[in-house]
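Enquirer: After the structure tokens below, expect a handful of questions from me.
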Amino acid sequence: MIEKCLFPAAGYGTRFLPATKSMPKEMLPIVDKPLIQYGVEEALEAGLHHIGLVTGRGKRALEDHFDISYELEDQISGTAKEAALEGIRRLIRECTFSYTRQIEMKGLGHAILTGRPLIGDVPFAVVLADDLCLNPEGPGVLAQMVELYRQFRCSIVAVQDVPLAETASYGIVEGEVIREDIVRVTRMVEKPKPEDAPSTLAIIGRYVLTPDIFDLIEGTPAGRNGEIQITDALNEQARRGCVMAYRFKGRRFDCGAVAGYVEATNHVYQQGLGRVA
Ligand code: UTP
């Protein structure tokens, strides 16, 4: 079954400058916990305990976060503050972490391909930690997708309906509805203008991918801005076999943009969802 989860986290996070000048976007906190930790908690909840991070220059804080800080632990040892570290200690105990660096930021497809040595020849999940997904009423989004993978044994992308005016910010899916929450994908279009969008079903930052995706990405030429998108490789997978789009249960916040980040912060604070693990 699926045991590995890849976190592409090498992007520059330019929408958060100057905050992200020397700090990874994925370390931005939602209340008291960094985005990346929410993502790894979601992965572990889904049974994925081998965590691979694709990092880049200036991202060392990510590695330090998933390691023990002896001085700090010594300082707060025996005080009530220790409770704040319980969640991260559990992740360190129960997961393995491996890292590789993307040298040139050539897009999400390229970042996933860079993670190939951490994954090998097995199906795996991908989490973009700047999409915060919460489902406090039930299983997390990745857990829902891993369950679906058991059924379909093919790549799965998480989708949500977005306003027509926003299609140009997403990969948009076209396909055949096979269940109220599942679409068998026939085509995906990267960032279409509203008038060209085949639907309003937008791919968000959760994927389950079969390992043939790596060769398909390798065969994908760079597109706009010299970036290699994942959409082209997924399109080829859909053509050759099957890709399912899944309308997940739960709520997703686009924390890669300031408005979504503030919304997530307010939501987590008001609902008292911080420090859940
Ligand atoms: P984004 O385009 O949202 O992230 O990529 P970005 O480039 O960091 O942000 P802005 O637009 O400049 O503000 C989606 C995800 O893919 C990763 C990012 O880290 C993010 O998690 N990514 C993107 C890479 O790892 N490498 C890349 O070359 C591009």
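Enquirer: For region 1-126, just list the percent of Cα-Cα distances falling in each 10 Å bin from zero outward, please.
Expert: 12, 41, 34, 11, 1
Enquirer: A follow-up question, please. Can you pull out the cysteines in the chain that have no other Cys Cβ under 4.7 Å?
Expert: CYS5, CYS95, CYS133, CYS255, each lacking another Cys Cβ under 4.7 Å.
Enquirer: While we're on this one: Which GluC sites (Glu not before Pro) from region 161-261 combine a DSSP loop assignment with at most 13 other Cβ atoms within 10 Å?
Expert: Passing both the DSSP loop test and the Cβ count: GLU180.
Enquirer: Using a Cα-Cα cut-off of under 20 Å, which lysines could be cross-linked to LYS106, ignoring same-chain neighbours fewer than 8 residues away?
Expert: The qualifying lysines are LYS21, LYS25, LYS59, LYS191.
Enquirer: Please figure out what share of the DSSP beta bridges in region 1-126 is antiparallel and state it in percent, rounded to the nearest 5.
Expert: 15
Enquirer: Moving to a separate point now. Quick one: helix 230-240 against the long Cα principal axis of the chain, what's the angle to the nearest 10°, folded into 0 to 90?
Expert: For helix 230-240, the angle is close to 50 degrees.
Enquirer: Next question, about the same structure. Give the separation of the Cα centroids, region 101-133 to region 171-199, in Å.
Expert: What the calculation gives is 23 Å, centre to centre.
Enquirer: Can you give me the C-alpha center-to-center distance between region 216-261 and region 44-87, rounded to a whole angstrom?
Expert: So the two Cα centres are separated by 28 Å.
Enquirer: Sticking with this one: For the chain, find the longest principal axis of its Cα atoms and tell me its angle to the long axis of helix 258-271, 0 to 90°, nearest 10.
Expert: 60
Enquirer: Relative to the longest principal axis of the chain, what angle (0 to 90°, nearest 10) does the C-alpha long axis of helix 35-45 take?
Expert: With rounding to tens, the tilt is 80 degrees.
Enquirer: Straight-line reach from LYS193: which aspartates and glutamates have Cα under 16 Å away, leaving out those fewer than 8 places along the same chain?
Expert: ASP161, GLU166, GLU174
Coordinate-derived values only; no laboratory data. In this text, all values refer to a predicted model and were calculated from it rather than measured experimentally. Neighbour counts are summed over all protein chains in view; Cβ atoms, including those assigned to glycine, are modelled from backbone coordinates with ideal geometry.
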